[in-house]
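Single-structure report; data block below.
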2 protein chains.
Amino acid sequence: MQEKITELLNEKNMKELKATLSSMKPADIAECLDNRPSEDTVLLFRLLPKELAAETFTYVDSDTQQSLINMFTDEETESIINKIFADDAADLVEEMPAGVVKKILKNASPKRRNAINELLNYPSESAGSIMTIEFVNFRPNMSVEEAFAIIRKTGVHKETIYTCYVIDEKRKLLGTVSVKDLLLSDYSAKISDIMDSNTISVNTGDDREFVVKQMSKYDIMAIPVTDNEEKLVGIITVDDAMDVFVEEREEDFAKMSAMVPNEESYFKTSTFTHAKNRLVWLLFLMLSATLTGVIISRYEAAIASVPILVSFIPMLMDTGGNCGSQSSTLIIRGLALDEITPSDAFKVLFKEAGIAMLVGAVLSLINGLRIYFMYRGKEDINSFSLALTVSLTIFLIVFLSEAIGCLLPIIAKKLKMDPALMAAPLITTIIDTVAIVIFFNIALAILPV
Amino acid sequence: MQEKITELLNEKNMKELKATLSSMKPADIAECLDNRPSEDTVLLFRLLPKELAAETFTYVDSDTQQSLINMFTDEETESIINKIFADDAADLVEEMPAGVVKKILKNASPKRRNAINELLNYPSESAGSIMTIEFVNFRPNMSVEEAFAIIRKTGVHKETIYTCYVIDEKRKLLGTVSVKDLLLSDYSAKISDIMDSNTISVNTGDDREFVVKQMSKYDIMAIPVTDNEEKLVGIITVDDAMDVFVEEREEDFAKMSAMVPNEESYFKTSTFTHAKNRLVWLLFLMLSATLTGVIISRYEAAIASVPILVSFIPMLMDTGGNCGSQSSTLIIRGLALDEITPSDAFKVLFKEAGIAMLVGAVLSLINGLRIYFMYRGKEDINSFSLALTVSLTIFLIVFLSEAIGCLLPIIAKKLKMDPALMAAPLITTIIDTVAIVIFFNIALAILPV
């Protein structure tokens, strides 16, 4: 499709170009626009019928949005900004530079401008900040026939019409009616008789993660949002909720790899920002790891008398780090999905102890046998003592690593910090130190150093 | 709510219990049932009205489902199994032990049994395996009024009625009509005139990840699934697609922490399974790390003459591992979200080189200064040479780590392997060896060893 558009553009065959674009999906048109110089972008965009243009505008990336608005006439800006959904318009205002925002707000209708301002006033992680203010509402004493008339009249501009909301004269939420219910009821039935008054709703100030959990628990496609006076002010649709869920989990994973989370895609993020996002944690972890070095240097005498000890350090540190990060990954996931709460700390610790017992036994047995047979018969080394030293160390390290890996995220959650920070990188650094201390103390006790 | 149910149960107040349960949401009832002994579970379940019972059944966890079916009469099993959606029934058959499956299939209607068997025949990661076979279909020559009549008659049993599918006499997919379109059209309009014939569909054999990407790209709430003869056989709804997306990403993250992915929740997984899922990779990584040890032991002479070198090993290994895991995490994410493709390898490498330049410069400068001032004036140590050795090593390690971290996932993808396997644990082990070799070679060149 891309090639066909390019070809028609080169031929300046506007008629055919218009026909081709009109038959395409907004997402595909957006893909074409994103990959072209901005003169072509605005030229192609102007060939689109109005409705398709507005829809396509919400699919293109923010660079394209910016260059389009820059080249738009005031009339074009006005038409787009008043046609897209209010929450998309508010997102746009939030993302664009000041000059573009000025042009947007100048051309927005007064009603639209108010809506944008109101949406921008909600705290950034709140339900209010992700809701849409376009929804269909009925009064309880309407008939099904009247309800259909309202949908026919206003529905096409609303983000979802499949769940409609019943409110009283003070805009208090009374219940919900799905279009399914309407379709399956008599035309003369009263809304109050068919509505579901047992409605799950959230408050504008609720955390957006809570909203997502409610929607997924109750399998809701659109959840109503009320203000502190229980007035219905908006709804959150399932696609927006899923975006939040994905974003929050991706943030966790960035943190779990010692990075500052970043919403932009890999290539869109500048080299400088990439470096900055990674450096914060790298510096901290590098300096922390120095501590492990200081501790090693206290065992110089032991190293000097049994130099082979040094060669086990990487294996012991890595195994401890891997065990710790395995258990912290599972616990962070459990906390994020509400499968685990801080009050489960002892239950988790007990379970991890059992796992560590099995894992530690297998790892230390295999490693012990490997060392015994590898060093048997070598001069200066008692292979049995060496095997015993390493095996005992591994067993203890596995135990402590899993304990640290499972407890730190829980403690973080308890202290209202982000559990995702207590992941592999930090845990590895802590476990390194623990591993060194255990290893050399066992060596000092067992080996002739 | 939980306490109220317990209280009423103890009082044996069945009438009140029935009323309370009937007013609750299926998800909340399911939560009550999951946390009770199985005699209570079946007692409470039997108090539910039929429709609510069937819906609640799909919300309870699989242990509860199993104990319920075990205690059900044949009539109860029949009522549930024929009332839930066919795809839920197929999932149930897949999860339950043989004895329970036998009871389910015995009581399923012949039509239901066929549907279950057909669904179970699709490969496990295919579109066919996650589709639902309940959908509303029209013929192109129907009027909007006739379409509404069909929805009213059959719609209540269909998983989604908001998008309806237009098929010809051979069940070939011709287009889609949303209920929104129907509501906004004249009763006399013909379906073929209002349908959208530019339909995005997938094949039963398509990978389920591809389905999710199509749905998210085009913002589709339900995508039609056709067989190899282009006949419409099912649809995939957005909630099922999102479950797949989340599951696939969670699998990635498990693999990225060197674990075998596991769908069950933390506590539901047995200690033995936990240990098994973790051991596979731990063993492999432990034995690989041994290689690093072997390499260290080749530098015994250097260590003996400048023992302080050993104390930098943990810091160098950790910094390299962290850099590598940062870039691999970002690349794995980019590959999973299709932001990066294998053909971008050079572009990525170029970008990472720039980032490594910045990150490496900062880390080696800070560390060099720290070492220079810490060891200045100490006997036996030339603090400038030592600082230079460590700084140079860090710079090179950062460079190589980011290169390894970004290339391995891309290579894996190119070789049709899972990029998530090329994450922190494996990369750390590889980088450990690289770090040791670089460090001691630079030390041998600069320091008097």
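Filtered by the rule that a residue be in a helix (DSSP H, G or I), farther than 19 Å from B:Thr319 by Cα and more than 7 Å from chain B (Cβ to nearest Cβ), the range A:300-332 gives A:Ala301, A:Ala302, A:Ser305, A:Leu309, A:Ser327, A:Ser328, A:Ile331, A:Ile332. Residues in the range B:190-227 that are outside any helix (DSSP H, G or I), under 21 Å from B:Glu146 (Cβ atoms) and more than 13 Å from chain A (Cβ to nearest Cβ): 3 in all.
Residue under question is B:Ala353, and the condition is that it be touching a residue at least 12 places away in the same chain (Cβ under 8 Å), part of a helix (DSSP H, G or I) and either away from chain A (no Cβ under 11 Å) or over 25 Å from B:Asp418 (Cα atoms) (or both); does it hold? Answer is no for this residue. Taken together, A:Phe284, A:Phe267, A:Phe245 contain a single residue that is in a helix (DSSP H, G or I), modelled with pLDDT under 90 and surrounded by fewer than 17 Cβ atoms within 10 Å (Cβ to Cβ), which is A:Phe284.
Any residue that is facing chain B (nearest Cβ under 10 Å), buried (at least 23 other Cβ atoms within 10 Å of the Cβ) and assigned to a helix (DSSP H, G or I) - is there at least one of those in the range A:365-372? There is at least one residue in the range A:365-372 that is facing chain B (nearest Cβ under 10 Å), buried (at least 23 other Cβ atoms within 10 Å of the Cβ) and assigned to a helix (DSSP H, G or I).
Only one residue in B:Asn262, B:Asn277 is surrounded by 15 or more Cβ atoms within 10 Å (Cβ to Cβ) and modelled with pLDDT under 85. Which one? Don't jump to the end; show me each part of the working.
Numbers: B:Asn277 fails: modelled with pLDDT under 85.
Within the list B:Asn262, B:Asn277, the selection yields B:Asn262.
Determine if the range A:13-21 includes at least one residue that is under 20 Å from A:Ile84 (Cα atoms) and crowded, with 19+ Cβ neighbours inside 10 Å.
Initial filter on the range A:13-21 (under 20 Å from A:Ile84 (Cα atoms)): A:21.
If we keep only those that are crowded, with 19+ Cβ neighbours inside 10 Å too, we end up with A:21.
Within the range A:13-21 (the criterion being under 20 Å from A:Ile84 (Cα atoms) and crowded, with 19+ Cβ neighbours inside 10 Å), the answer is yes, since at least one residue qualifies.
A search for C-beta distances below 6 Å between a residue of the range B:29-42 that is at pLDDT below 85 and any residue that is in a helix (DSSP H, G or I), counting only pairs 6+ apart in sequence or on different chains, returns B:Ser38/B:Ser67. With the structure loaded, tell me whether A:Ile116 is assigned to a helix (DSSP H, G or I), over 29 Å from A:Pro37 (Cβ atoms) and of a type in the set (A, V, I, L, M) or whether it fails that test. Against the criterion (assigned to a helix (DSSP H, G or I), over 29 Å from A:Pro37 (Cβ atoms) and of a type in the set (A, V, I, L, M)), A:Ile116 qualifies. Of the residues that make up the range A:248-258, is at least one in contact with a helix residue (DSSP H, G or I) (Cβ under 9 Å, 6 or more places away or on another chain), outside any helix (DSSP H, G or I) and facing chain B (nearest Cβ under 7 Å)? Yes, the conditions are met somewhere in the range A:248-258. Looking only at the range B:275-294, filter to residues that are in contact (Cβ under 8 Å) with a residue 12 or more places away in the chain and more than 8 Å from chain A (Cβ to nearest Cβ); which one of those is nearest to the chain's Cα centre (by Cα)? Top of the filtered list is B:Asn277.
Filtered by the rule that a residue be among the acidic types (Asp, Glu) and either in contact with a Pro (Cβ under 8 Å, 6 or more places away or on another chain) or away from every other protein chain (no Cβ under 11 Å) (or both), the range A:160-189 gives A:Asp168, A:Glu169. Considering each residue of the range A:91-113 in turn, none proves to be within 27 Å of the chain's Cα centre (by Cα) and under 27 Å from A:Thr20 (Cβ atoms). Residues of the range B:237-247 that are out of contact with any strand residue (DSSP E or B) (no Cβ under 6 Å at 6 or more places or on another chain) and either more than 9 Å from chain A (Cβ to nearest Cβ) or closer than 21 Å to A:Ala345 by Cβ (or both): B:Asp240, B:Ala241, B:Asp243, B:Val244, B:Glu247. Return yes when B:Ile151 is within 11 Å of another protein chain (Cβ to nearest Cβ), part of a loop (DSSP other than H, G, I, E, B) and not small (Gly, Ala, Ser) and no when it is not. Here the answer is no, as B:Ile151 does not meet what is asked. What's the number of the only condition in (1) more than 14 Å from A:Ile308 (Cβ to Cβ); (2) in contact (Cβ under 8 Å) with a residue 60 or more places away in the chain; (3) more than 8 Å from chain B (Cβ to nearest Cβ) that A:Ser391 fails to meet? Here A:Ser391 clears every test but (2).
Assigned by TED's automatic domain parsing to the domain that holds A:Asp74 and at pLDDT below 90: does that describe A:Ala115? Spell out the reasoning first.
Working: assigned by TED's automatic domain parsing to the domain that holds A:Asp74: yes; at pLDDT below 90: yes.
Yes; evaluated as a whole, the condition is true for this residue.
Mind checking which residues of the range B:383-435 are of a type in the set (Lys, Arg) and not in a helix (DSSP H, G or I)? B:Lys416 - this is the single residue of the range B:383-435 that is of a type in the set (Lys, Arg) and not in a helix (DSSP H, G or I).
Inspection of the range A:88-99 finds a residue satisfying the criterion of being in a helix (DSSP H, G or I), under 28 Å from A:Glu134 (Cβ atoms) and within 14 Å of chain B (Cβ to nearest Cβ). Within the range A:179-212, being surrounded by fewer than 16 Cβ atoms within 10 Å (Cβ to Cβ) and of a type in the set (S, T, N, Q) holds for A:Ser188, A:Ser197, A:Asn198.
Select from the range B:259-274 the residues that are among the acidic types (Asp, Glu) and at the interface with chain A (Cβ under 9 Å from one of its Cβ atoms) and list them in ascending order.
Initial filter on the range B:259-274 (among the acidic types (Asp, Glu)): B:263-264.
Correct list: empty.
Of the listed requirements (1) within 31 Å of the chain's Cα centre (by Cα); (2) surrounded by fewer than 19 Cβ atoms within 10 Å (Cβ to Cβ); (3) not aromatic (Phe, Trp, Tyr), B:Glu159 misses just one: (2). A:Gly377 fulfils the conditions (1) farther than 30 Å from B:Glu248 by Cβ; (2) within 11 Å of chain B (Cβ to nearest Cβ); (3) not in a helix (DSSP H, G or I) except for a single criterion, (2). Being at pLDDT 90 or above and either among the acidic types (Asp, Glu) or more than 23 Å from A:Asp181 (Cα to Cα) (or both) is true of A:Glu146.
The values are calculated or read from the model by the stated rules, or taken from the named source; none is laboratory data. This is a predicted model, so every value here is computed, not measured. Positions of Cβ are backbone-derived with ideal geometry, glycine not excepted, and every protein chain shown enters the neighbour counts.
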